[in-house]
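Data block below; observations after.
The values are calculated or read from the model by the stated rules, or taken from the named source; none is laboratory data. Worth saying up front: this structure is predicted, and the values here are computed from it rather than measured. Here Cβ is always computed from backbone atoms with ideal geometry, including for glycine, and neighbour counts include all displayed protein chains.
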Number of protein chains: 2
Amino acid sequence: MSEEKENIQFELTDELVDQVAQLIEVNDDKELNKLLNEFHYADIAEILDELNLEEAVYVIKLLDSDTTSDILTELDEDNREKVLKNLSAKEIAEEVEELDTDDAADIIAELSEERQEAVISQIEDEEHKSEIQELLAYDEDTAGGLMAKELVKVYETWTVAGCMRRIRGQAKEVTRVHSIYVVNKEEKLIGRLSLKDLIVAKSEQKIADLVKVNVDYVNVHDDVEDVAKVMAKYDLEAIPVVDDSQTLLGRITIDDIVDVLKEEAEKDYQLAAGITGDVDSDDSILELTRARLPWLFLGLVGGIGAFLIMEGFESLFTGKAVILFFFTPLIAAMAGNVGVQSSAIIVQGLANDEVRGSVNSRLIKEMLLAALNGIILALFLFLFVWAIKGELNTAFAISVSLVAVIIVAGLIGTFVPLFLNKRGIDPAIATGPFITTSNDILGILLYFWIARMILGI
Amino acid sequence: MSEEKENIQFELTDELVDQVAQLIEVNDDKELNKLLNEFHYADIAEILDELNLEEAVYVIKLLDSDTTSDILTELDEDNREKVLKNLSAKEIAEEVEELDTDDAADIIAELSEERQEAVISQIEDEEHKSEIQELLAYDEDTAGGLMAKELVKVYETWTVAGCMRRIRGQAKEVTRVHSIYVVNKEEKLIGRLSLKDLIVAKSEQKIADLVKVNVDYVNVHDDVEDVAKVMAKYDLEAIPVVDDSQTLLGRITIDDIVDVLKEEAEKDYQLAAGITGDVDSDDSILELTRARLPWLFLGLVGGIGAFLIMEGFESLFTGKAVILFFFTPLIAAMAGNVGVQSSAIIVQGLANDEVRGSVNSRLIKEMLLAALNGIILALFLFLFVWAIKGELNTAFAISVSLVAVIIVAGLIGTFVPLFLNKRGIDPAIATGPFITTSNDILGILLYFWIARMILGI
């Protein structure tokens, strides 16, 4: 009766992958079934991700559809797409029948519109079919796109005993029962009950007397990131989803939120590193180029900007002032680093709803912070230049410029994400090459201006 | 009977904070109680985070300890520390009595050793006290440091009916019942049951017939990041924790894992941006300086390295070759960007256990990728330099150097995190200023070498 296998020690080894590949090659279905059935579907998905397409499809066609449907949900997205291309609409429909509505809709949503229709028409269970169709209509970034139709629902007029009897039936359809949602006769959500409450209650009690009426819920059109914030903040494991007139439509469980949080974190991290789109290290060189080249191009344009600025100051490139040019990489690096530091901390604060108070007070704080850091660093640089060049003036000019550059970079790094956020643009794009590049250019310009002024050349 | 309030629309406004502050000022306890009791404890914690210390302590002393204990767990860490300093050991002990063992141990762990003992000695419930002491002994980064002692446990020899009776008692102590853990008479974990299984089963059935024996579990000394990976991968909502001889010690729930994942993501993001330690935008300027200055200093040292390299080539470049100096910020920026892109994707792959296969094949792939990107970018730069300077040689020298610099930067960005990971060091540190700085210097050195060679000067 065990659905889940003990897998904590599962390790994907080359030997295991080879063993599976060999069994496929000699068509030893019996041995293959025996071997793979020892593993959790998430582990089998990992094995399949290492096999070639033909082998993966072989395994999918071999195993039971209650296992393979789960495996499909866990496969790497690119591999899933390829595997699905090798299955007929009928075969996909059979897989989808085994899945909860949310997972089923996610898989179907990845198909072409034409195939979507073909698959849906092959789903035999009419209720499952219409629920999947309902879910497909929602935007994938909304609560509707994340919710499942499977839930346990009782009416406020029922008794505990009646309720237990009825939910026995419903619960069989639902993988995990977190909460029991209580609705009135118009199907509007009025509260919730936990299974624990029900077990602890006396059997003649009325649901209306047990129900917790102040239930958290989200609207079907709420953004998934907001849903994630609410569930994380209130430590919820499931949340009901309602429409504008409070009708109970579905529920979202915490495991989906864990995935949303991971994806968000990866997206932000990649943006900070100058990578767009959802790529991973196993993607093709072309896909990776598409994700990386635009940001590099931005860097190139920034570098050309720096070149033009320096060329504009070329006349200074004589005698002792030549040293100024040798510090431009330092100035650009410091401007870039400070900018990214400042914006990263604002972006993170915005994501956690921690950034409150006026923009001005943020900017003043960052200015003081940047000034403090800048002065410490400039002092060090001053001593270095003075020691090796023996020129007080030059050392002074370079150091003062550095402080100014750091302050301006800090202010830009603080202001840009706040500004983007206010305009409804994801502030995370501000932490990447965008900030670095603009700070590079501006920093170098400022540096030459100030240094020239101080040196009087 | 409602523990949780409807809060999805909660918004922390200045008006609300002012209102609470005013009620505190006039000591209107009745109105304050009425107002705050409308909110979820997580929301009250947000309000308290905006008040000054005196006001926050006032509220904590005013409200019931079953609410305030939860509020304490949700307060910002710095604020909690200050509030706890203003409570007596007796008062803290009362708060801690209301909490689950894991939250209780977390709060006590933040106190000085002296105060820890004082608080523990004041805890009246002997079982709670000894459980908290047990948890305090575990490292906070291990499963033991995250687990709670509260769980529902049944013996394999019981029947469903007996089980239901017994767990009614246990379940009252446990906020949420995810799974029922089945042990043998030596208290060793042998499997699990869901509440759903129990409800659906017939009352005369034996637990031994229902138990799912292949239960996932973690060892008490396992790293929390590994626990998070396992729970996310297998979509678990709770996982039992055992010692080396399989004795059931506690359980970890998914809400704690959500916090671990968020903290990990924030840490990696901050490392990538050159910020160490757990700081947020509301921390003091000194704390922020401590988190940021070391990385800026690294950048400064890198910049000085670049200066020394350029100075070393000073004599070579006169007349038309001076232009080479004007492209150093571009070269440094491209080397830095490519390096961060490559390492970010490896760091992420390592975090997701996706990086398989030999280091060599990774390096070859990155080399091809970098070469492709480099050639496209270099072509553009070549045309630019040629167009505005009309010098084919210089344009060629700069472009070829750029390709070489990008390839080397990509290889370093790929190799360093793989190397750090192999040595057991968090590879995430490789995505920040560390990679940028070393690539800056190396890039500039390489650039001048190659350019000089091509130009024959």
When (1) at pLDDT below 90; (2) closer than 21 Å to B:Leu298 by Cα are applied to B:Asn421, the one that fails is (2)
Residue set B:Lys82, B:Lys61; condition assigned to a helix (DSSP H, G or I), assigned by TED's automatic domain parsing to the domain that holds B:Asn33, touching a Leu at 6+ places or on another chain (Cβ under 6 Å) and not hydrophobic (A, V, I, L, M, F, W, C); output residue B:Lys82
Restricted to the stretch B:258-272 and to residues being in contact (Cβ under 8 Å) with a residue 60 or more places away in the chain and within 7 Å of another protein chain (Cβ to nearest Cβ), the residue farthest from the chain's Cα centre (by Cα) is B:Ala272
Expected output for the stretch A:436-457 (first residue more than 21 Å from A:Val301 (Cβ to Cβ), partner outside any helix (DSSP H, G or I), Cβ below 6 Å, 6+ apart or cross-chain) is none
One residue is enough: does the stretch A:162-179 have a residue meeting the conditions away from every other protein chain (no Cβ under 11 Å), in a loop (DSSP other than H, G, I, E, B), of a type in the set (Gly, Ala, Ser) and over 34 Å from the mean Cα position of the chain (by Cα)? no
Counting only residues that are within 33 Å of the chain's Cα centre (by Cα) and in a loop (DSSP other than H, G, I, E, B), the stretch B:196-224 contains a total of 8
All conditions in (1) within 27 Å of B:Pro417 (Cα to Cα); (2) over 16 Å from the mean Cα position of the chain (by Cα); (3) at pLDDT 85 or above; (4) more than 7 Å from chain B (Cβ to nearest Cβ) are true of A:Trp295 except (4)
Residue hits (the stretch B:253-279; under 20 Å from B:Leu296 (Cα atoms) and assigned to a helix (DSSP H, G or I)) are B:Glu266, B:Lys267, B:Asp268, B:Tyr269, B:Gln270, B:Leu271, B:Ala272
Those residues of the stretch A:341-384 which are more than 12 Å from A:Thr414 (Cβ to Cβ), more than 9 Å from every other protein chain (Cβ to nearest Cβ) and either in contact (Cβ under 8 Å) with a residue 40 or more places away in the chain or of a type in the set (Phe, Trp, Tyr) (or both) amount to A:Phe382
Considering residues that are on the phi > 0 side of the Ramachandran plot and touching a helix residue (DSSP H, G or I) at 6+ places or on another chain (Cβ under 7 Å), the number found within the stretch B:231-257 is 1
Apart from one, (1) of a type in the set (A, V, I, L, M); (2) more than 11 Å from every other protein chain (Cβ to nearest Cβ); (3) farther than 27 Å from A:Phe326 by Cβ all hold for B:Ala451; the odd one out is (3)
Scanning the stretch B:213-245 residue by residue, those within 7 Å of chain A (Cβ to nearest Cβ), under 19 Å from B:Val152 (Cβ atoms) and surrounded by 19 or more Cβ atoms within 10 Å (Cβ to Cβ) turn out to be B:Val215, B:Asp216, B:Tyr217, B:Val218, B:Glu237
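Residue-wise test of (1) closer than 17 Å to B:Ile71 by Cα; (2) buried (at least 18 other Cβ atoms within 10 Å of the Cβ).
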{"position": "B:Asp102", "(1), (2)": "yes, yes"}
{"position": "B:Glu110", "(1), (2)": "yes, no"}
{"position": "B:Gln122", "(1), (2)": "no, no"}
{"position": "B:Tyr138", "(1), (2)": "no, yes"}
| request: Confirm whether A:Met334 is facing chain B (nearest Cβ under 10 Å), farther than 30 Å from A:Asp268 by Cβ and crowded, with 24+ Cβ neighbours inside 10 Å. | output: no
Counted residues in the stretch A:225-239 being small (Gly, Ala, Ser), under 13 Å from A:Met147 (Cα atoms) and outside any strand (DSSP E or B) come to 1
Flagged in the stretch A:48-66 as among the β-branched types (Val, Ile, Thr) and buried (at least 21 other Cβ atoms within 10 Å of the Cβ), in numbering order, are A:Val59, A:Ile60
Within the stretch A:89-109, residues acidic (Asp, Glu) and over 21 Å from the mean Cα position of the chain (by Cα) come out as A:Glu91, A:Glu94, A:Glu95, A:Glu97, A:Glu98, A:Asp100
Screening B:Ala109, B:Ala143 for residues that are touching a Gly at 6+ places or on another chain (Cβ under 9 Å) and farther than 20 Å from B:Glu81 by Cα leaves only B:Ala143
Of the residues in the stretch A:7-26, those that are surrounded by 11 or more Cβ atoms within 10 Å (Cβ to Cβ) and either at pLDDT 90 or above or acidic (Asp, Glu) (or both) number 9
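Is there a residue in the stretch A:438-454 that is within 28 Å of the chain's Cα centre (by Cα) and aliphatic (A, V, I, L, M)?
No.
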If we ask which residues in the stretch A:270-295 are over 21 Å from A:Asn79 (Cα atoms) and surrounded by fewer than 22 Cβ atoms within 10 Å (Cβ to Cβ), their number turns out to be 2
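Can you pull out the residues in the stretch B:103-116 that are charged (D, E, K, R) and touching a helix residue (DSSP H, G or I) at 6+ places or on another chain (Cβ under 9 Å)?
Once the filter is applied, which keeps residues that are charged (D, E, K, R) and touching a helix residue (DSSP H, G or I) at 6+ places or on another chain (Cβ under 9 Å), the stretch B:103-116 yields B:Asp103, B:Asp106, B:Glu110, B:Arg115.
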Note on the stretch A:310-331: residues within 9 Å of another protein chain (Cβ to nearest Cβ), surrounded by fewer than 19 Cβ atoms within 10 Å (Cβ to Cβ) and part of a helix (DSSP H, G or I) are A:Glu311, A:Glu314, A:Val322
